[in-house]
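Trainee: Sharing a structure with you now.
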Amino acid sequence: MKLFLIVLSFIAVFLLSTGTELDAQNSLRIESLPGVVKQGEVCLIKVSGPDSLKAIDGEFRGERFPLALGEQNGIYEGLIGIDMSTPPATYEVKVTARDGDGQVYSGHLSLKVEKVDFGTEELSLPSHLVDLDEKTLERVRKEAKQLQTLFQGFREERLWRGAFIRPVEGELSDTFGLSRIINGKQSSPHTGVDLKGEEGTPVLASNSGMVVLVDELFFTGKSVILDHGWGLYSMYFHLSEALVKKGERVDTGTTLGRVGSTGRSTGPHLHWGVKLNGARVDPLSLLRLGM
Ligand SMILES: [Zn+2]
């Protein structure tokens, strides 16, 4: 009995460490990249099955995510976002599909989410950018609501294709997830990365998508937001100018605007943020997917 349990736990550890599970009954093989995911990361779900699969859908933490054939023949791909505050635990990813004859396939994968210590940063800013008057507060609330409504949209069509790119070459000045103390008071966490760049440096689209916002907002200054489909959005903040219009389709590498220091900013840089189905994720994790 004891030996049996040891063998069983060895198999379980093996399956977890590879991030792969094969469900013998239904022939859908599911793999995650990375195999073990961290808080604030994007995870690529790869599914192998018959190439005749029609409707194929995934489910993670009670939310649906779509999959479709990727660049590699016969592999279906989907993205899930692990919000920075998702409790570390092992979660089940379920995939169900149907072929042309109406036959149902399904499979599942245990996905371990690990805790991350994002660190803390203390900042000093001019008080008029922190202690806001009633009129500014009203503007800030209205803009927050505008963004919230925008991110609730879900485009069924996938507009992104292949690898994601860095929008400017510059080094990181502020990492993702930093807990921030501004003028001695706890503030909201840093939900993107700050990339160094000289004023005027072109800011490139990290993948193809649709421009869904071009606006000047109190905190984020001149801002451009792209909808890449499937609930994936990328944000480009503090621009000196925007060079695209709302409703425009862009390709990977299209110049969206220029690096600046508009909004609540202490110097020229690009704040690059990504949201995936409401999850706040590190944009750099998109670059590591290797698609
Ligand atoms: Zn930032």
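The values are calculated or read from the model by the stated rules, or taken from the named source; none is laboratory data. Treat the numbers as computed from the prediction; the structure is a model and nothing was measured. Because the Cβ atoms are built from the backbone with ideal geometry, glycine has one as well, and the counts that use them run over all protein chains shown. Quick note on the areas: whole protein, heavy atoms, side chains included, nothing else; ligands and nucleic acids left out. Shrake-Rupley method; radii C 1.70, N 1.55, O 1.52, S 1.80 Å.
Trainee: Name every residue in region 179-196 that is within 16 Å of the ligand (Cβ to nearest atom), open to solvent by 20 Å² or more (accessible area, probe 1.4 Å) and assigned to a loop (DSSP other than H, G, I, E, B), in order of residue number. Please lay out each step first, then the result.
Mentor: First pass over region 179-196, keeping only residues within 16 Å of the ligand (Cβ to nearest atom): 179-182, 187-196.
Remaining after also requiring open to solvent by 20 Å² or more (accessible area, probe 1.4 Å): 179-181, 187-189, 191, 196.
Correct list: Ser187, Ser188, Pro189, Thr191.
Trainee: Looking at this structure, is Asp174 within 16 Å of the ligand (Cβ to nearest atom), more than 23 Å from Arg141 (Cα to Cα) and within 20 Å of the chain's Cα centre (by Cα)? Reasoning before the result, please.
Mentor: Numbers: within 16 Å of the ligand (Cβ to nearest atom): yes; more than 23 Å from Arg141 (Cα to Cα): yes; within 20 Å of the chain's Cα centre (by Cα): yes.
Yes, satisfied.
Trainee: May I ask you to list the residues in region 117-174 that are of a type in the set (Ser, Thr, Tyr), open to solvent by 50 Å² or more (accessible area, probe 1.4 Å) and either part of a helix (DSSP H, G or I) or touching a Lys or Arg at 6+ places or on another chain (Cβ under 8 Å) (or both)?
Mentor: Answer for region 117-174, where residues must be of a type in the set (Ser, Thr, Tyr), open to solvent by 50 Å² or more (accessible area, probe 1.4 Å) and either part of a helix (DSSP H, G or I) or touching a Lys or Arg at 6+ places or on another chain (Cβ under 8 Å) (or both): Thr120, Ser127, Thr149, Ser173.
Trainee: Could you say whether any residue in region 58-81 is out of contact with any Phe, Trp or Tyr (no Cβ under 7 Å at 6 or more places or on another chain), at pLDDT 95 or above and not in a strand (DSSP E or B)?
Mentor: No: region 58-81 contains no residue that is out of contact with any Phe, Trp or Tyr (no Cβ under 7 Å at 6 or more places or on another chain), at pLDDT 95 or above and not in a strand (DSSP E or B).
Trainee: Has region 199-218 got any residue that is among the aromatic types (Phe, Trp, Tyr) and within 22 Å of the chain's Cα centre (by Cα)? Walk me through it before giving the result.
Mentor: Looking only at region 199-218, we keep the residues that are among the aromatic types (Phe, Trp, Tyr), and these are 218.
Filter once more, so that each one left must be within 22 Å of the chain's Cα centre (by Cα): none.
Among the residues of region 199-218, not one is among the aromatic types (Phe, Trp, Tyr) and within 22 Å of the chain's Cα centre (by Cα), which makes the answer no.
Trainee: A further question on this structure: Looking at Ile11 and the list (1) crowded, with 20+ Cβ neighbours inside 10 Å; (2) modelled with pLDDT under 85, which single condition is not satisfied?
Mentor: With (1) crowded, with 20+ Cβ neighbours inside 10 Å; (2) modelled with pLDDT under 85 applied to Ile11, the lone miss is (1).
Trainee: Considering region 42-63 alone, what residues qualify as being loosely packed, with under 13 Cβ neighbours inside 10 Å and not hydroxyl-bearing (Ser, Thr, Tyr)?
Mentor: Narrowing region 42-63 to residues loosely packed, with under 13 Cβ neighbours inside 10 Å: 51-52, 54-55, 62.
Within region 42-63, Asp51, Lys54, Ala55, Gly62 meet the criteria.
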